[in-house]
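Read-outs throughout are calculated quantities, based only on the coordinates presented, and are distinct from any laboratory measurement. Quick caveat: nothing in here was measured; it's all calculated off a predicted structure. Glycine gets a Cβ as well: all are built from the backbone with ideal geometry, and neighbour counts include every protein chain shown.
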Amino acid sequence: MRISARTQYALRAAAELAAAPPGPVPAEKIAAAQGIPRKFLDNILLQLRRAGLLHSQRGPDGGYWLARPTDQITLADIITVVEGVSEGGDHGGYPGVAGPLAEVWSALRDHEETLLAEITLAHVARGSLPETSEH
């Protein structure tokens, strides 16, 4: 799986919000804490807000905060908003002995999707990944 810079920034911004005390966090603070270019961050925050993952408030005491508790937002939720739904690629039709590789790529995608759906912003904010039998 290739994660774009935009998606990495979105995940870092969401992690920053997950670790913040309750209340609005100004975009300037998120950008500075995570080293994200401000204009780029503004577009990402808008995208996450439109998707219902964030709330925002304008004004001097304004900023962004998570729309749901940290244990109810997964990394997959954020990646899906920023990257869109993965088509998975077409790995079928390899000739001869390479044919089974299509199953390998499919299993790998499934594993990635499962892992990202298990890890929440609460895990990231705590600094610990969930315990699963597959890891």
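About its Cα centre, how strong a charge dipole does the chain have in debye, to the nearest 20, once Lys and Arg get +1 and Asp and Glu get -1 at the Cβ? Show your work: numbers first, answer last.
On the way: 12 positive and 16 negative charges, 160 e Å.
Dipole about the Cα centre, nearest 20: 760 debye.
Once label points are set 7 Å from the Cα along Cα→Cβ at both D110 and D61, what is their separation, rounded to one decimal in nm?
5.2 nm
When the chain is fully extended, how far beyond the present Cα-Cα distance does Q34 get from Q72, taking 0.36 nm per residue of separation?
11.4 nm
What is the fewest-to-most order of H123, H111 by other Cβ atoms lying within 10 Å of their Cβ?
H111, H123
Amide H of V25 versus every other amide H placed in the peptide plane: which residues, excluding those fewer than 5 positions away on the same chain, fall under 5 Å?
Hits under the 5 Å cutoff: Y64, W65.
If neighbour count is taken as other Cβ atoms inside 10 Å, put S106, S4 in order from fewest to most.
By the 10 Å Cβ count, ascending, the order reads S4, S106.
Quick check on the exposure proxy: order K29, K39 from fewest to most C-beta atoms within 10 angstrom.
Sorted ascending by nearby Cβ count, the order is K39, K29.
As an exercise, use a Förster radius of 25 Å and the Cβ-Cβ distance of Q47 and A117 to find the FRET efficiency, rounded to the nearest 0.05. All intermediate terms of the calculation are to be shown ahead of the outcome.
Values: r = 20 Å, r/R0 = 0.79.
E(calc), rounded to 0.05, equals 0.80.
At 7 Å along the Cα-to-beta-carbon direction for both V85 and L101, put a label point, then send me their distance in nm to one decimal.
Roughly 2.8 nm, to one decimal.
Quickly estimate the mean residue ellipticity at 222 nm for the chain, helices only: each DSSP H run with n ≥ 4 gives -39500 (n - 2.57), and the total goes over all residues, rounded to 500.
-15500 deg cm²/dmol
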